[in-house]
Amino acid sequence: MKKISIKPVAAALALALAGFGPMALAQNAGLTVEDAWVRATVPNQHATGAFMRLTAAESGRLVGVESQAAKHVEVHEMAMQDNVMKMRQVAGIDLPAGKAVELKPGGYHVMLIDLAKPIAAGDHVALTLIVEDAAKQQRRIPVDAVARPLNATAAPAASHGH
């Protein structure tokens, strides 16, 4: 019978419970993910957006995102075309070394399409970012995105500790 050490598992669980799991994993992979969130949905809504700030230690490219929360996950861009704001899927987003790239409403973002279930404010949605480096090596980076209310457009107001 093999003995299995649970210390690494316990340490990972402790980090995750302390709120550092996805961030710590992302930083160890050379990518810092900040302020990851998903817009909550209303009944019968089939798609929603995910947003975050990405800072790569070395130049790379976000080439995809996976999630069990939806059948299809795509990287999109909102852009003006013929004086009309349009959304379109993009093959990837460049991540210049040391520069923050915002995935936000009205710009680059992640679309979760054909949702597995409605997403309520406060729900946690697991995402896996697929990042490709200059050598075309891909790595998967887990991210925990918290759902914000349907009318959310930016970071929540800072808490004053009251």
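With a/c under 1.5 counting as rounded, go ahead and sort region 104-143 into rounded, prolate or oblate using the C-alpha gyration tensor (a ≥ b ≥ c being the square roots of the eigenvalues; past the cut-off, prolate if a/b is larger than b/c, else oblate).
Judged from the Cα gyration tensor, region 104-143 comes out prolate (a/c at least 1.5, a/b above b/c).
By how many nm would the segment from THR128 to ALA79 grow when fully extended, if each residue of separation counts as 0.36 nm and the alpha-carbon distance is taken off? Spell out each step's value before the answer.
Values: separation 49, 0.36 × 49 = 17.64 nm, distance 2.49 nm.
So the chain would gain 15.2 nm between THR128 and ALA79.
Using a cut-off of 12 Å between beta-carbons, work out the net charge of the residues near GLY64 (Lys and Arg +1, Asp and Glu -1, GLY64 not included).
Result for the local shell: 0.
For region 83-146 and region 29-49, what is the centre-to-centre distance using only Cα atoms, to the nearest Å?
Going from one Cα centre to the other spans 8 Å.
With contacts defined as alpha carbon pairs under 8 Å and 6 or more residues apart, what's the relative contact order of region 32-162 in percent?
It comes to 33 percent, rounded to a whole number.
Counting Lys and Arg as +1 and Asp and Glu as -1, what is the net charge of the other residues whose Cβ lies under 13 Å from the Cβ of LEU95?
Working: positive: ARG53, ARG61, LYS99, ARG139; negative: GLU58, ASP94, GLU102, GLU132, ASP133.
Surrounding charge for LEU95 is -1.
Please give me the summed charge of the neighbours of VAL146: other residues whose Cβ is under 10 Å from its Cβ, Lys and Arg +1, Asp and Glu -1.
Once all neighbours under 10 Å are counted, the net charge is -2.
Using Cα pairs under 8 angstrom and six or more residues apart, how large is the relative contact order of region 24-85, in percent? Write out the running numbers ahead of the final one.
Working: 52 pairs, mean separation 15.0, N = 62.
The normalised contact order for region 24-85 reaches 24 percent.
Highest mean first, how do 59-71, 139-151, 80-92 rank when packing is the count of other Cβ atoms within 10 Å averaged over residues?
59-71, 139-151, 80-92
No value in this document is a laboratory result; all are computed from the given coordinates. Small disclaimer: the values here were computed from a predicted structure and weren't measured. Glycine also receives a Cβ, built like all others from the backbone with ideal geometry; neighbour counts cover every protein chain displayed.
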